[in-house]
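Here's the structure we're looking at; comments come further down.
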Amino acid sequence: MGYIPEHALNNLKKYSYKGVDKSAISNYVLNPFWTWFVTLWPLSIAPNTITLSGFLIVVANFASMLYYDPHFLTEQDGASGPPQWIYFTWAIGLFAYQSFDAIDGKQARRTGMAGPLGEMFDHGCDAMNTTLEVLLAARALNLGRSWWTVASQTATLASFYLTTWEEYHTGQLYLGVFSGPVEGILMIVGIFTITGFCGTSFWDTGILTFTRLDRIPRIAENVPNVGLNEAFMIFGGFALAFNILSSYANVHKATKAVGKSTTRPLLFMLPFPVTAALQIAWLAYPTPKESAIIHSQLFIPFVCAWGFQFAHQVGRMILAHVTSTPFPWWDSMWLWSVVGALDANLPRLIGRGPLIQYSRKNTAIFVYLTLAVSFFTYARFCTLVINDITNYLGIACFTVRKKDAEGVWRDMKDIPRGNEKKA
């Protein structure tokens with residue numbers, strides 16, 4: 001027996017993707033481009049290969065940031081930072097990722113490879129891209145190691161979790177009039193482009209100064225002249241609040257239509273705030289202002305470990321959705337966060353020093369160990385799930401092949417429709 005139980009595997013063939021896209025930009029601007037763009041790809045290229053290629057472009061962007069700014073410092077901290085032209089490559093790379101992510105489903109339908117494996121693979125790459133783009137955008141906005149970056153990570157992951165939670169309860173992926181995969185990504189592309197022209201210090205300009213509203217005495221006296229970067233974070237908070245309300249409205253409507261409780265789904269939201277609170281509590285050692293992790297070179301590995309843990313969490317949620325199995329309330333990866341947060345806060349809890357993170361060296365060892373365990377746990381999850389689904393459905397992951405009725409691997413073009421392997 002593999003990772004997925006036998007009864008859950010049987011539900012894979014009942015799964016069919018359903019989506020709703022209310023974005024005007026997506027429907028009237030980007031979709032015609034995507035429809036043309038997918039025709040440039042040969043039918044011999046698997047949809048998951050396109051998805052992975054897009055994600056690797058983002059990884060290359062992230063690698064370039066680490067090369068030019070391995071300590072994730074802002075210019076205010078004395079860092080020279082990446083050259084301005086690098087931000088243009090980030091903008092191009094992110095737009096390419098969005099385009100690749102959008103056409104993989106179209107390629108799946110062109111090649112006859114549509115199914116739950118593509119859903120899992122697509123969402124898995126999206127989950128990892130979320131954290132990488134938070135760090136890249138924070139660098140472009142000149143936020144660096146700060147609680148603003150932590151707030152951005154929390155809000156962005158919350159939005160992704162919310163979308164996954166909504167899909168689990170409604171059976172559909174909703175993209176509203178303003179969604180992360182469309183408008184959110186385009187906004188970040190715009191941020192990268194502006195930074196390429198103006199530099200990161202541009203985002204420290206006060207919003208009242210930029211809009212010249214500081215010339216109006218009543219506004220200047222009563223409205224804080226926060227930086228454009230901080231104003232962007234505040235806007236993100238309002239966008240998250242809007243998404244929470246709209247997502248719950250969709251879930252409320254769907255559960256009410258089938259006679260289920262409209263309030264019970266709210267309980268399924270709890271895992272995210274609990275895990276986010278653990279990460280924040282860990283970061284708040286010894287005090288929020290003097291965080292031992294935020295104000296050190298451990299910030300990047302810590303956030304990346306958080307990203308892997310989150311990807312594992314939502315990956316199991318998506319798996320539960322496509323296999324029609326119970327919602328995963330618990331994730332074993334939380335144990336690392338529990339241990340890290342409790343150990344760091346022992347001075348507050350029982351008045352004694354940490355048992356593990358009692359020195360900078362030990363803190364670094366524990367954070368990097370958390371990163372390694374988080375990475376290998378998520379990699380193991382992906383490998384096992386891909387193996388289970390490909391073996392059961394008789395499909396390949398990165399090639400356009402399926403097993404025929406005799407169980408022999410063949411190119412899709414050589415297999416008459418309806419003559420694939422029957423599980």
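The values are calculated or read from the model by the stated rules, or taken from the named source; none is laboratory data. This is a predicted model, so every value here is computed, not measured. A quick note on method: Cβ atoms are made from the backbone with ideal geometry, for glycine too, and the neighbour counts reach across all protein chains shown.
Numbers for the structure displayed
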{"quantity": "Within the range 200-219, considering residues that are loosely packed, with under 15 Cβ neighbours inside 10 Å and either of a type in the set (Gly, Ala, Ser) or on the phi > 0 side of the Ramachandran plot (or both), the one farthest from the chain's Cα centre (by Cα)", "calculated": "Arg212"}
{"quantity": "Filter result for Gln84 (more than 22 Å from the chain's Cα centre (by Cα) and either closer than 25 Å to Leu186 by Cβ or not small (Gly, Ala, Ser) (or both))", "calculated": "yes"}
{"quantity": "Hits in the range 378-390 - residues which are over 26 Å from Trp41 (Cα atoms), in contact (Cβ under 8 Å) with a residue 60 or more places away in the chain and surrounded by fewer than 18 Cβ atoms within 10 Å (Cβ to Cβ)", "calculated": "Leu384"}
{"quantity": "Residue match in the range 369-378 (condition: part of a loop (DSSP other than H, G, I, E, B), modelled with pLDDT of 90 or more and under 30 Å from Pro286 (Cα atoms))", "calculated": "no"}
{"quantity": "So Gln84, is it surrounded by fewer than 18 Cβ atoms within 10 Å (Cβ to Cβ), within 24 Å of Ala140 (Cβ to Cβ), modelled with pLDDT of 90 or more and not charged (D, E, K, R)", "calculated": "yes"}
{"quantity": "Options Val258, Val251, Val274, Val314; residue that is closer than 30 Å to Tyr392 by Cα and of a type outside the set (Ser, Thr, Tyr)", "calculated": "Val314"}
{"quantity": "Flag if Leu245 is within 24 Å of Phe178 (Cα to Cα), surrounded by fewer than 17 Cβ atoms within 10 Å (Cβ to Cβ), touching a Phe, Trp or Tyr at 6+ places or on another chain (Cβ under 9 Å) and of a type outside the set (Asp, Glu)", "calculated": "no"}
{"quantity": "Top-ranked residue in the range 220-242 [being more than 23 Å from Ile194 (Cα to Cα) and of a type outside the set (D, E, K, R); ranked as surrounded by the fewest Cβ atoms within 10 Å (Cβ to Cβ)]", "calculated": "Asn222"}
{"quantity": "Test: residue in the range 336-356 that is of a type in the set (Phe, Trp, Tyr), modelled with pLDDT of 90 or more and either under 30 Å from Leu266 (Cα atoms) or outside any helix (DSSP H, G or I) (or both)", "calculated": "no"}
{"quantity": "Any hit, the range 131-145, residues being in contact (Cβ under 8 Å) with a residue 12 or more places away in the chain, among the β-branched types (Val, Ile, Thr) and within 24 Å of His321 (Cα to Cα)", "calculated": "yes"}
{"quantity": "Where Ser80 falls short, out of the listed (1) in a loop (DSSP other than H, G, I, E, B); (2) within 24 Å of Arg110 (Cβ to Cβ); (3) of a type outside the set (A, V, I, L, M, F, W, C)", "calculated": "(2)"}
{"quantity": "For Leu94: the one exception among (1) closer than 30 Å to Ala396 by Cβ; (2) touching a Pro at 6+ places or on another chain (Cβ under 7 Å); (3) not charged (D, E, K, R)", "calculated": "(2)"}
{"quantity": "Which listed residue is more than 22 Å from the chain's Cα centre (by Cα) and not hydroxyl-bearing (Ser, Thr, Tyr), from Lys13, Lys18, Lys22", "calculated": "Lys13"}
{"quantity": "Hits in the range 388-423 (condition: touching an Asp or Glu at 6+ places or on another chain (Cβ under 7 Å), part of a strand (DSSP E or B) and at pLDDT 85 or above)", "calculated": "Arg401, Lys402"}
{"quantity": "Pairs, first in contact (Cβ under 8 Å) with a residue 24 or more places away in the chain in the range 52-72, second polar (S, T, N, Q) and surrounded by 13 or more Cβ atoms within 10 Å (Cβ to Cβ), C-beta under 6 Å, six or more apart", "calculated": "Val58/Asn129; His71/Gln297"}
{"quantity": "Hits in the range 225-250 (condition: in contact with an Asp or Glu (Cβ under 9 Å, 6 or more places away or on another chain) and part of a loop (DSSP other than H, G, I, E, B))", "calculated": "Asn225"}
{"quantity": "Among the candidates Ala114, Ala91, residue that is modelled with pLDDT under 90, touching a helix residue (DSSP H, G or I) at 6+ places or on another chain (Cβ under 6 Å), over 26 Å from Val274 (Cβ atoms) and of a type outside the set (Asp, Glu)", "calculated": "Ala114"}
{"quantity": "Qualifying position, being under 21 Å from the mean Cα position of the chain (by Cα), modelled with pLDDT under 90, outside any helix (DSSP H, G or I) and of a type outside the set (S, T, N, Q), among Val182, Val177", "calculated": "Val177"}
{"quantity": "Qualifying residue in the range 90-100 (condition: touching a residue at least 40 places away in the same chain (Cβ under 8 Å) and assigned to a loop (DSSP other than H, G, I, E, B))", "calculated": "no"}
{"quantity": "Meets criteria (under 15 Å from the mean Cα position of the chain (by Cα), aromatic (Phe, Trp, Tyr) and at pLDDT 90 or above) for Phe197", "calculated": "no"}
{"quantity": "Positions within the range 115-152 being in a helix (DSSP H, G or I) and among the hydroxyl-bearing types (Ser, Thr, Tyr), in sequence order", "calculated": "Thr130, Thr131, Thr149, Ser152"}
